[in-house]
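Submitted below is the structure of interest, expressed as C-alpha cells.
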Amino acid sequence: MSKYRARRTSTNPISGAGERLWRDAVVAKFGILLASAAVVGAHPEIEVQIAHVSAQIEESPENADLYLQRGHIHRVHRDWKAGMADFRRAGELDPELHRVSRAIGRLLLEAGKPEQALPQIEQFLKHQPGDPEGQILRGRA
C-alpha cells in the first residue's frame, strides 16, 4: 500500500446527492437524444413517417404545418423535389408562415446550392432576426 493517499477531488460544483441527480439527468437526456437520432436517421421509418403525415394531410388539406412537416421528412430523405413541393405548398397555404423560407433555404443548402439558399434564409431572417438556426444557415450559405 502506498504511503501517499489518493485524495478525491471533484471539479463539479455540485456534490453529493445533487451530483447524482445531475448525472442521472444528463444520462436520461443522452438516452432520449440517441433514441430520437435513431428514428430520424433510419430510412425505413422515414417512409412510415411520410405515410403518417400524408394521411393527416388528407384529413386536413389546408394545414400548412403538415406540409412543412412532410417537407422536412423528404429533406432528411434527400428527396429535394418532393421536399420543395411540400414547402412551396405550405407557403401557398399560409404566406405568413415565415419558417417556410428557412426550410427552403436549408433544403437548398443541403442540396449543394448555397447561392440559391442565401436569399431564402435572408428572407426568413428579415422576420426572425434573432433565430439561431437561421443565423447558422446563413453562415453556412
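How far apart, in nanometres, would the label points at Ala51 and Arg88 be if each is projected 7 angstrom from Cα along the Cα-to-Cβ direction?
2.8
With every protein chain present, what accessible area does Asp79 have (1.4 Å probe, heavy atoms only), rounded to the nearest 10 Å²?
Roll a 1.4 Å probe over it and Asp79 shows about 60 Å².
The values are calculated or read from the model by the stated rules, or taken from the named source; none is laboratory data. Computed from a prediction, not measured in an experiment: that's the story for all the values here. Please note: Cβ atoms are built from the backbone with ideal geometry, for glycine as well, and neighbour counts cover all protein chains shown. To get the accessible areas, we keep the full protein, side chains included, count just its heavy atoms, and leave off ligands, DNA and RNA. Shrake-Rupley method; radii C 1.70, N 1.55, O 1.52, S 1.80 Å.
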